[in-house]
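Notes follow the structure.
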Amino acid sequence: MIQRIQTVYLALAFLVTGVLPFVFPIWTLANGKVEYFMMHMPFVVLFGLSTAISVLSISFYKKRQHQFVLGRLNMILNLILLGLLIYRSLSLPGEAPAVSEKGIGMFLPAIAIVFLVLANKAIKRDEDLVKSVDRLR
């Protein structure tokens, strides 16, 4: 059923990776220029994949095992995205412009990971409940 709690968590993960990156900047450079994720192609691709996997996972509400696997895949993707954002912000000033201030957009993948973990816990709980009912038959 689509009205389960994991759908809410997956929708929140979709919101965090699909909508909020357009609102919050990733970081502010030393010269005062604000940078959003759209200015870097790897971030666009990874945020887009994460958003697509969240929507796909919501659409698999009848297949809990597929939902669980897609949630894990999405967590790995968000960990990679978070690692790239941290690497980019900590890169040497000679290689890239110095990042003077980190924005909230830098931590959006971490927030998405929290929602995905909560969704996977709810999916696992539903799967265990269905298995326990099947044993009683």
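Points worth noting:
- Among residues of segment 55-67 that are over 12 Å from Ala122 (Cβ atoms), those with a Cβ under 6 angstrom from a residue that is among the hydroxyl-bearing types (Ser, Thr, Tyr), sequence gap 6+ or separate chain, pair up as Ile58/Thr7.
- When residues in segment 37-54 are screened for being more than 19 Å from Val114 (Cα to Cα) and either touching a His at 6+ places or on another chain (Cβ under 9 Å) or of a type outside the set (Val, Ile, Thr) (or both), 7 of them pass.
- Positions within segment 1-40 being open to solvent by 70 Å² or more (accessible area, probe 1.4 Å) and among the aromatic types (Phe, Trp, Tyr), in sequence order: Phe14, Phe22
- Residue match in segment 55-68 (condition: closer than 16 Å to Leu116 by Cα, open to solvent by 20 Å² or more (accessible area, probe 1.4 Å) and assigned to a loop (DSSP other than H, G, I, E, B)): yes
The values are calculated or read from the model by the stated rules, or taken from the named source; none is laboratory data. Here the structure is a predicted model, which means the values were calculated and not measured. Quick reminder, even Gly has a Cβ in these numbers, built from the backbone with ideal geometry, and neighbours come from all protein chains shown. Accessible surface is based on the protein model in full, side chains and every heavy atom, while ligands, DNA and RNA are left aside. Shrake-Rupley method; radii C 1.70, N 1.55, O 1.52, S 1.80 Å.
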